[in-house]
């Protein structure tokens, strides 16, 4: 009887609360695109799946590697089509060295073509982590694409190199992943300068889901960006204990203004799972 009542309640609520009406499953399956934003505290690590393609976008901090590895294994990951490092900062690349030494096979490693070191001769930490592994990074910039079974992955940015280390966030890869009848915009740590570049070039499309740039800090996520993307769901990877200024009140107010469902990794044990299937978005906090 309880199951029938639950079913009837779901039918009644579906038109009003679509995100509640269709709960996400643990795996995307079928012709679906899924993003599991892993809770690695204030850092970034996102597991993107579509068909047989499995990508890890960023690897979190070194100290959170055990969490990253556990979640990957719990989700059945034994091989990665690719590891994508959006830029060089340690909260995006810290787990890379241990990951390439683990029992998870990695086909390729990708990163941004642009790097602004604090010292002119400082080696890119991504290159350093891959030494003696047999892997070399594939460098990406605006206009490039990556293989995605049953979908598409397009690199929107960066368009140009930021030469100051203070602007390294705006050397971030910005990627649009399409599949399951919808799309996800992955922004790395893109700040206002890179946002302005992409908006001016007409390269920011609509997307059903956006991964908010730079952990929801106030130096990213302009109203122009949100208006152009017009997402229904926004994912923020952060931890307010580690970064008290995240998510920024302005960013939260902006997302609320556009009636966007906001999901934060810090509100979960393992992460936020978002699935696009048949043009519908579902999600759950794991």
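Scan 152, 168 and give me the residue that is modelled with pLDDT of 95 or more and over 27 Å from residue 78 (Cα atoms). Going through 152, 168 in turn, the sole match is 168. With the structure loaded, tell me whether residue 199 is closer than 17 Å to residue 110 by Cα, outside any strand (DSSP E or B) and modelled with pLDDT of 95 or more or whether it fails that test. Taking the combined requirement at face value, the residue does not satisfy it. Test residue 220 against the stated conditions and say whether it is part of a strand (DSSP E or B) and at pLDDT 95 or above. When the stated conditions are applied, residue 220 does not pass them. Evaluate the following for residue 76: is it over 30 Å from residue 241 (Cβ atoms), modelled with pLDDT of 95 or more and assigned to a loop (DSSP other than H, G, I, E, B)? So residue 76 passes the test. Among (1) over 30 Å from residue 279 (Cβ atoms); (2) over 18 Å from the mean Cα position of the chain (by Cα); (3) free of Cβ contacts under 8 Å to residues at least 40 places away in the same chain, where does residue 199 come up short? All conditions pass for residue 199, except number (1).
Remark: pairs (first residue in the stretch 248-265, under 16 Å from residue 227 (Cβ atoms); second residue part of a helix (DSSP H, G or I) and modelled with pLDDT of 95 or more; Cβ separation under 8 Å; 6+ apart in sequence or on different chains) = 251/216; 254/223; 254/226; 255/226; 258/226; 258/227; 260/226.
A count restricted to the stretch 88-115 and to residues that are more than 29 Å from residue 159 (Cβ to Cβ) and under 16 Å from the mean Cα position of the chain (by Cα) stands at 0.
Here residue 253 clears all of (1) surrounded by 24 or more Cβ atoms within 10 Å (Cβ to Cβ); (2) farther than 27 Å from residue 141 by Cβ except the condition numbered (1).
The values are calculated or read from the model by the stated rules, or taken from the named source; none is laboratory data. Nothing here was measured: the structure is a model prediction, and the numbers come from that model. Neighbour counts are summed over all protein chains in view; Cβ atoms, including those assigned to glycine, are modelled from backbone coordinates with ideal geometry.
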